[in-house]
Amino acid sequence: MNNNSSLSHRKEEPENGILYIVGTPIGNLNDMSQRALNILKNVSFVACEDTRQTKKIMIKFNISNKLISFNKHNSSIKIPKIVKYLKEGKSIAIVSDAGMPGICDPGEDIVRIVKSEGIDIICVPGACAAITALVSSGLPSSRFVFEGFLPKKQIDREKILFEISKNEKTTIIYESPKRLRKLLKELFESCGGNREIMVARELTKRFEEHIGHNIDEVIEFFRDKDIIGEITVVVKGIKKKDLNTDRLIIKKDLNDLIDAGLSLSAASKYLAKRNGLRKSEIYNMF
Ligand code: SAM
């Protein structure tokens, strides 16, 4: 196949010398596809993030094949070995603990390196929490931004939160249950309590929940609850029209505060916090 060849008329899978990127369920094992099972059963071996997790799938579907561990800690040693085996004609599958490899999971680096060696890659698609949450949210899904986990460093985090607050597209965020409260508070501060949002919990599983509709309501929902399970957050984008209308309102508020005796700096600081904007943006409106 390589970069320019056609995907039609493929031979029976798995083919020798191909790296298969195999999507696995994000909770509900019935989401495992027949094609994925065939690949896991018949490749030369399966490289997986955590052999204990992948074993559960293998046992459930009665598959016995060789598993090797492949994760961010050993990838620099494992990638050259995998490339060597592929060049020798072996077929190899990569799976992560759940969902699509390469989406906040190991996979991205190996695909890039294997492709640069002229070796073919085939993706066998499966569940992905981001896409499952997005289409379940009812929020606009034709244009969206996937942020994955927000950075831990506060300055980097604030930069992304600021971008989210101004983005016209729907944003998808992965978050751990331990940090959800902090994220909701930050979203409240940057986007305001009215912004539409859906928190998807335990997608595809028995206790699946979709919690909405705006940030105020979601904060209230979780106020006295222990938060457990897997979480994906979907935030609606802002309408361009709203941005312009907001600017007019903010400008008027700024003038009113200055007329009432506040300094330009103090008024800008106050309005920046209230509207989730930078102080300089408000300052320059005057
Ligand atoms: N590769 C995976 C995918 O394709 O979705 C994502 C792996 S990432 C390490 C794990 C994060 O995905 C979780 O912390 C959570 O934010 C999200 N996630 C995974 N399964 C989920 C589920 N069943 N419901 C909601 N979010 C989920």
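The values are calculated or read from the model by the stated rules, or taken from the named source; none is laboratory data. Note that the structure is a prediction, hence the values are computed from the model and not measured. Please note: Cβ atoms are built from the backbone with ideal geometry, for glycine as well, and neighbour counts cover all protein chains shown. Protein only, heavy atoms only, side chains kept; ligands, DNA and RNA dropped before computing areas. Shrake-Rupley method; radii C 1.70, N 1.55, O 1.52, S 1.80 Å.
How large is log10 of I(q)/I(0) for region 3-109 at q = 0.11, 0.12, 0.13 Å⁻¹ when the intensity is taken from the Debye formula with one equal scatterer per alpha-carbon? Taken in order of the listed q values, log10 I(q)/I(0) reads -0.32, -0.38, -0.45. In this structure the chain gives 56 Å² per residue of accessible area when probed at 1.4 Å with all protein chains present.
Straight-line cross-link reach from Lys169 at under 15 Å between alpha-carbon atoms covers these aspartates and glutamates, not counting any fewer than eight positions away in the same chain: Glu147, Glu196, Asp242.
First check a/c for region 130-238, with a ≥ b ≥ c the square roots of the eigenvalues of its C-alpha gyration tensor; if it is under 1.5, answer rounded, and if not, answer prolate when a/b is larger than b/c or oblate otherwise. Note, shape of region 130-238 comes out rounded.
Counting protein heavy atoms only, the chain has 51 percent of its accessible area on carbon and sulfur, 1.4 angstrom probe. Calculation over all alpha carbon pairs of region 190-286 in 5 angstrom steps from 0 returns a P(r) of 2, 12, 18, 17, 12, 11, 10, 9, 5, 3, 1, 0 percent.
In this structure, the amide hydrogen of Gly107, modeled 1.01 Å from its nitrogen in the peptide plane, lies closer than 5 angstrom to those of Gly102, counting only residues at least 5 positions away or on a different chain.
Set the Cα radius of gyration of the chain against 2.2 N^0.38 Å, with N its number of residues, and you get 1.25.
Full extension of the chain between Arg181 and Asp50 gives 44.3 nm of extra length, using 0.36 nm per residue less the Cα-Cα distance.
In sequence order, region 118-128 has phi-based couplings of x, 8, 7, 10, 10, 9, 9, x, x, 5, 9 Hz under the Karplus curve 6.51 cos²θ - 1.76 cosθ + 1.60, θ = phi - 60°, and Gly or Pro positions carry x. Using only side-chain charges placed at the Cβ, +1 for Lys and Arg and -1 for Asp and Glu, the dipole size of region 169-282 relative to its Cα centre rounds to 400 debye.
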